[in-house]
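For reference, the structure is listed below as C-alpha cells.
The values are calculated or read from the model by the stated rules, or taken from the named source; none is laboratory data. Every value quoted in this text rests on a predicted model; they were computed, and no experiment measured them. Please note: Cβ atoms are built from the backbone with ideal geometry, for glycine as well, and neighbour counts cover all protein chains shown. Ligands, DNA and RNA are stripped out before the accessible areas are found, and what is left, the full protein with its side chains, is counted by its heavy atoms. Shrake-Rupley method; radii C 1.70, N 1.55, O 1.52, S 1.80 Å.
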Amino acid sequence: MLSRNHEITTVARDDSIMRTHVLPRWRDVPLGRIDHSAVQTWVSDLSKRLAPATVAECHRLLSTVLKSAVRDRIVGANPCEGVRLPKRRRKAGDDRIISREDLAVLLPHVPGRYRALVGLAAGTGLRWGECVGLRWDAVDLDAGTVRVERVAVEVAGTVTHKPYPKSKAGRREVPLPPFVVELLAAHRERYPAGPVGEVFTNAAGGPLRRTLFRSRDWRPSLVRAGLLGKVVEAGPGAFLGVWQDKEGLEHRQEFPTHREAVAHVAKHAAEGLRFHDLRHCYATWLVSDGVPVNDVARLLGHEQMSTTLNRYTHSSRDRYGRARAVFADSRSRSAPGARRSQRR
C-alpha cells in the first residue's frame with residue numbers, strides 16, 4: 001500500500017495493525033461514506049482499550065489510505081484531518097532506571113551465557129538489535145572499543161541481519177568500560193562465535209530471540225537479584241514468592257523449589273526493568289556525570305540532540321545538591337560586609 005521502502009519491522013508492524021484494528025472496522029465501508037465524525041468515534045473507541053501510541057498508528061494508517069484516495073480524486077477531502085487523538089501521557093513506570101550499584105548486583109544473577117550481553121547494553125547503550133547483531137570483527141578488546149556496523153532484526157520469530165544500523169548516525173564507535181572488556185573477554189573464552197562471527201548466540205548456537213530471552217533469562221535474573229518481586233526461603237523445602245500485579249495488589253505463594261518460585265514471580269509480576277531500559281540508564285549515567293549531551297547523542301547514535309534530551313535522560317538523584325552547588329559561593333558574596341570588604 002505504501003510506496004516508500006520501509007524497514008521490514010515497520011512493514012510487519014503496520015500489517016499487523018491493519019489486520020487487527022483498521023480493516024475490521026473499515027473493510028466493508030466505501031471510502032466516500034467515511035466521514036470525520038465516524039473516524040472520531042472509532043478513534044475514541046480504540047482509546048478505551050489501546051495505548052495512545054497504538055491508536056495514533058491506527059489513525060495514521062487509515063489517514064494514509066484516505067490521502068491516496070484524495071490524490072486519486074476518489075474522495076474530495078481526508079476525513080482523518082482534525083481528528084482528536086489521545087494524549088501520550090508519561091506513566092510512573094516509564095522511567096525505569098537502576099543505579100550502577102544495582103547493575104553490579106544484577107550481573108552475577110544473569111546466566112553466564114548472557115552476562116556479557118547485559119553488561120554490553122548497560123556499558124555502551126547499544127540497542128538489542130545492535131547487541132545481537134554484533135560480530136567479533138567489530139570488537140577491539142585491546143583498544144576498548146566496539147563498532148556498531150550491523151543490526152539483527154526479528155520479525156515473527158525469525159531473526160535476520162542487515163549490514164547497517166538504524167540511521168546514518170547509528171554507524172558509530174563506542175568505548176567499552178573496563179568491566180565490559182572483562183565480560184567480553186571471558187565470554188569469548190567460554191562460548192564459541194556464531195556461524196558468521198556473532199558474539200552472542202543461544203545455547204544451540206543460533207540467533208537470540210528477544211521474547212524468549214525476556215521470559216527465560218532476563219526477568220528471572222531480575223527476580224534473583226531482588227529487582228522484581230521477591231523470593232525467600234520459607235522453611236525446609238519451601239520458598240515464598242512475593243509480587244505485585246498491574247493493580248498494585250500484592251500476592252504471595254509458596255513453591256517447593258527456588259527455581260519454580262523465581263519462574264512464577266518473573267511471569268506474573270507487573271512492570272520491571274526492561275532490557276531497553278539499560279540504554280536509558282547508560283544515557284542518564286553519562287549526563288549525570290557531566291558528559292556533554294552532544295557527545296552522549298553521538299554515542300547513542302542519535303541524529304539530533306533533542307532525541308537524547310527528550311527520551312533518554314532523567315533527573316539525577318542528587319539534582320538538588322548539584323543545583324545548590326552551582327550557587328554555593330553566592331551566599332558569601334551577598335553576606336553583610338562582603339561588598340565593603342571587596343571595595344577595600
crowded, with 16+ Cβ neighbours inside 10 Å and among the small types (G, A, S), is that true of A116?
yes
Could you give every pair whose Cβ atoms fall below 8 Å, whose first residue belongs to region 132-148 and is without any contact (Cβ under 8 Å) to a residue 40 or more places away in the chain and among the aliphatic types (A, V, I, L, M), and whose second residue is part of a strand (DSSP E or B) and open to solvent by 40 Å² or more (accessible area, probe 1.4 Å), counting only separations of at least 6 or pairs across chains?
A138/R147; V146/D140; V146/E173
Run A69 past the list (1) in contact (Cβ under 8 Å) with a residue 40 or more places away in the chain; (2) in a helix (DSSP H, G or I) and report the number of the one that doesn't hold.
(1)
If we ask which residues in region 27-56 are closer than 20 Å to A69 by Cβ and touching a Pro at 6+ places or on another chain (Cβ under 6 Å), their number turns out to be 4
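Which residues, counting only those in region 265-279, are of a type outside the set (D, E, K, R), in contact with a helix residue (DSSP H, G or I) (Cβ under 9 Å, 6 or more places away or on another chain) and open to solvent by 20 Å² or more (accessible area, probe 1.4 Å)?
Those that are of a type outside the set (D, E, K, R), in contact with a helix residue (DSSP H, G or I) (Cβ under 9 Å, 6 or more places away or on another chain) and open to solvent by 20 Å² or more (accessible area, probe 1.4 Å): A270, H276.
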Which ones in region 173-183 are under 13 Å from L134 (Cβ atoms) and surrounded by fewer than 18 Cβ atoms within 10 Å (Cβ to Cβ)?
E173
Being among the basic types (K, R), touching a Phe, Trp or Tyr at 6+ places or on another chain (Cβ under 9 Å) and either open to solvent by less than 10 Å² (accessible area, probe 1.4 Å) or at pLDDT 95 or above (or both) is the requirement here; does R219 meet it?
no
Among the candidates R259, R252, residue that is under 19 Å from H109 (Cα atoms), basic (K, R) and open to solvent by 80 Å² or more (accessible area, probe 1.4 Å):
R259
Go through T257, T211 for me and flag whichever is among the hydroxyl-bearing types (S, T, Y) and modelled with pLDDT under 95.
T211
Enumeration of residues in region 226-242 that are over 18 Å from the mean Cα position of the chain (by Cα), open to solvent by 20 Å² or more (accessible area, probe 1.4 Å) and of a type in the set (A, V, I, L, M, F, W, C):
V231, V232, A234, F239, L240
Please indicate, with yes or no, whether at least one residue in region 192-213 is open to solvent by 70 Å² or more (accessible area, probe 1.4 Å) and part of a helix (DSSP H, G or I).
yes
